[in-house]
Amino acid sequence: MKEIRVNAETMMNDTREKYIIDLRKEKDFKAGSCEGAINIYWQEFESKMLDFAKDKPMYLICYTGETSDEFAGYLCKNGYEAYSIQEGYRGYKRWKLSQLM
């Protein structure tokens, strides 16, 4: 089975057209998220899954990486190229800060 967990740098360096989906609550998304991310709360994601084309990679981000791990695994089993961001939004913020230093 392919690795579904990647770091934020891998996601941001993927130059292909891609989906970045933030699975956190809307208030947290509005307080800050990844560049280019769209917000779909995890409890609503499965009902919206079919709206996404299978020919684009999908990067999922949550609070810690656990919820996005589950969804990425599920998506991969259903024919999507999906990845979970290690350590969730905290991992993304840590990477973003490292780019500024």
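The values are calculated or read from the model by the stated rules, or taken from the named source; none is laboratory data. Values in this document were obtained by computation on a predicted structure and should not be read as measured data. Here the Cβ positions follow ideal geometry from the backbone for every residue, glycine too, while neighbour counts run over all protein chains shown.
Scanning for something part of a helix (DSSP H, G or I), over 16 Å from LYS93 (Cβ atoms) and at pLDDT 95 or above, does region 19-37 turn up at least one residue?
Here is the first cut: in region 19-37, the ones part of a helix (DSSP H, G or I) are 26-31.
So of that shortlist, the ones also over 16 Å from LYS93 (Cβ atoms) come out as 26-27.
If we keep only those that are at pLDDT 95 or above too, we end up with 26-27.
Yes: one or more hits.
One residue stands out among those in region 10-33 that are surrounded by 15 or more Cβ atoms within 10 Å (Cβ to Cβ) and among the acidic types (Asp, Glu): the one that is nearest to MET58 (Cα to Cα), which is ASP22.
Could you list, in sequence order, all residues of region 43-101 that are of a type in the set (Asp, Glu), surrounded by 15 or more Cβ atoms within 10 Å (Cβ to Cβ) and not in a helix (DSSP H, G or I)?
Result: GLU81, GLU87.
Mind checking which residues of region 52-79 are farther than 21 Å from SER33 by Cα and acidic (Asp, Glu)? Working first, answer last.
Step one: list which residues in region 52-79 are farther than 21 Å from SER33 by Cα, which gives 53-55, 73-79.
ASP55, the sole residue that qualifies.
Does GLY36 meet the test of being surrounded by fewer than 19 Cβ atoms within 10 Å (Cβ to Cβ), in contact (Cβ under 8 Å) with a residue 24 or more places away in the chain and closer than 23 Å to GLU17 by Cβ? When the stated conditions are applied, GLY36 does not pass them.
Is it the case, given these coordinates, that ALA82 is over 22 Å from GLN99 (Cβ atoms) and modelled with pLDDT of 95 or more? For ALA82, the condition - over 22 Å from GLN99 (Cβ atoms) and modelled with pLDDT of 95 or more - is met.
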